Each structure stands twice: as C-alpha cells, then as structure tokens.
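Here is the structure we will look at.
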Amino acid sequence: MTSSTDHRPRAALFDLDGTLVDTNYLHALTWWQALHQNGHEVPMARIHRAIGMGGDRILEHLLGGGRDQSQDQQLRDAHHALYAAWFDSLPVLEGAADLLRAIAARGLTIVLASSASADEVKAIRAALDVDDVIAGATSADDVDRSKPAPDLVRQALALTDAAPEEAVFVGDTVWDVEAAARAGVPCIGLLTGGISEAELTAAGPVTVYQGPPELLRALDSSPLTRMVPPAPAQG
C-alpha cells in the first residue's frame with residue numbers, strides 16, 4: 001500500500017440531498033405529507049433530523065419496530081409521488097457544480113453515493129448538469145441497506161480504483177458521517193442540510209465547511225487535496 005504521505009486522495013464520493021442540492025426540507029415536507037395522509041402524525045422537525053436515511057431505514061426510525069409494516073411500501077410510494085412533483089425544479093446549491101468541476105480538474109474520480117432512489121438521483125444529476133465530470137453513481141436501489149449502513153459508500157468506492165483511505169466522502173448529515181466511518185472513508189461535513197455545526201462535528205468528520213462555496217475556496221488546503229488519516233472501519 002502506498003504511504004498516505006505520497007499522494008493526494010484519488011476519489012471524491014458525494015452525497016446529494018443537502019450536500020449538492022437544497023432538498024432536505026423538501027424531503028421533510030413530503031415525508032410529513034405522506035405520513036399525515038396515512039394517519040401518522042410525526043413532527044416535521046423530527047422528520048428533518050432523519051433525512052439522509054433511505055426509505056428502508058427512515059420509517060423504522062420514525063415509527064418504530066411495532067408499526068404496521070404492511071403499510072411501509074404505501075408510505076414510501078406516497079413520499080416518492082409527492083417528492084417527484086419537484087423533479088423539474090430541484091434547487092442546486094450555490095457553488096455545487098463549480099466545486100465538482102474543480103475537484104475533477106485536480107484529477108480525482110467523482111462518484112455520487114445517495115440514499116435516494118435511482119430516479120431521484122437521475123433528476124438531481126439533470127439539475128446539476130455536470131455528468132461530464134461524474135464517473136458513476138449509486139442509489140438506495142443498488143444496495144440492501146442505505147445510510148447509516150456503509151453499503152452505499154462501499155458500493156461507490158467500488159466504482160473507483162481507490163482504497164478507502166484514498167477517498168474522501170462529502171455529506172451533510174450525521175448519517176453520512178456514520179456511513180463513511182463504517183466504510184473506513186474520511187468524511188467532510190457541510191452545513192447545508194440544516195444540521196447544526198456542533199451536532200455534525202460531534203459525529204466525527206475530519207472537518208466541516210459551511211457549504212460548497214467555502215469548500216471550493218479552501219479546496220487546495222482541504223482533505224480533498226491532502227491525505228488524512230483513514231477512519232477506522234466500523235463494520
């Protein structure tokens with residue numbers, strides 16, 4: 001294995017919702033609507049804090065293991081239909097496309113790793129309009145377990161030729177940080193998803209930035225251009 005002091009990272013893995021597109025509150029709203037329509041009253045603040053998990057995890061997190069699980073698919077379908085109404089107007093975060101292009105220009109392989117469904121990822125990629133610098137993408141449809149399980153990060157990493165310690169994951173939620181840590185990949189946190197700096201920092205990223213513009217301005221001194229100690233894989 002090459003020493004971590006010998007070269008820069010080789011791959012940048014990116015979450016999407018709340019990291020590159022300003023959609024966390026859209027997800028919170030449409031999950032609230034789906035739950036409300038089916039007789040579940042869950043505070044929207046609690047839903048927001050669960051955003052970043054995939055549909056396979058969020059319902060258990062919000063409703064508990066004692067819920068009527070036969071309703072799960074109906075709830076997921078309702079959320080998807082409500083959220084899909086925004087597909088043509090997903091708001092890209094300021095500086096997100098420029099950040100991806102700048103990272104690619106520095107020779108890193110960029111792969112997207114999202115807990116969203118495949119068609120949600122497709123809609124976000126269309127909004128970002130930077131497919132020419134993206135090497136690949138994984139979605140919740142590609143793995144058995146979504147974040148905070150490490151499966152999506154590992155699947156994204158498999159689309160590169162980088163080892164875990166040669167990649168950096170960029171995300172906006174504690175679930176992103178936890179998934180990256182379990183995969184042994186250092187994680188940069190962004191505050192664009194609505195999680196407080198104190199809470200995101202406590203989850204254990206190597207560093208935190210306000211958003212894509214701040215990371216772009218600091219890019220050449222960031223963990224994306226200098227190796228950092230690898231996170232210990234947690235399983």
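Just so you know, all these numbers are worked out from the coordinates, no wet-lab data involved. Owing to the predicted nature of the structure, the values given are computational and were not obtained by experimental measurement. When we count neighbours, we look across all protein chains shown, and the Cβ atoms used for this are built from the backbone with ideal geometry, even at glycine.
Worth pointing out:
- VAL42-ALA163 FRET efficiency (beta carbon distance; Förster radius 41 Å; 0.05 resolution): 0.55
- Each residue of the chain gets 111 Å³ once the volume of the Cα convex hull is shared out per residue.
- ALA105-ASP129 pseudo-label distance in nm [points 7 Å out on the Cα-to-Cβ vector]: 1.8 nm
- For the peptides 175-188, 144-157, 193-206, the ranking by packing is 175-188, 144-157, 193-206, with the highest mean count of neighbouring Cβ atoms within 10 Å listed first.
- From most to least packed by mean Cβ count within 10 Å, the peptides 121-129, 34-42 give 121-129, 34-42.
- Distance-filtered residues of segment 164-182 - backbone nitrogen under 14 Å, label point 7 angstrom along GLN210 Cα→Cβ: none
- Shape box of segment 72-113 [Cα atoms, principal axes, largest first, Å]: 44, 20, 12
- The angle between the Cα long axis of helix 118-128 and the longest principal axis of the Cα atoms of the chain comes to about 60 degrees, rounded to the nearest 10.
- Between ALA85 and ALA202, the contour length at 0.36 nm per residue exceeds the alpha carbon distance by 38.6 nm.
- The fraction of all Cα pairs in segment 141-235 landing in successive 10 Å bins from 0 to the largest distance is 18, 49, 31, 2, given as whole percents.
- Mean ellipticity per residue at 222 nm, deg cm²/dmol - from DSSP H runs of n ≥ 4 across the chain, formula -39500 (n - 2.57): -11500 deg cm²/dmol
- Charged-residue dipole, Cβ positions (Lys, Arg, Asp, Glu), segment 175-225 about Cα centre, Debye nearest 20: 100 debye
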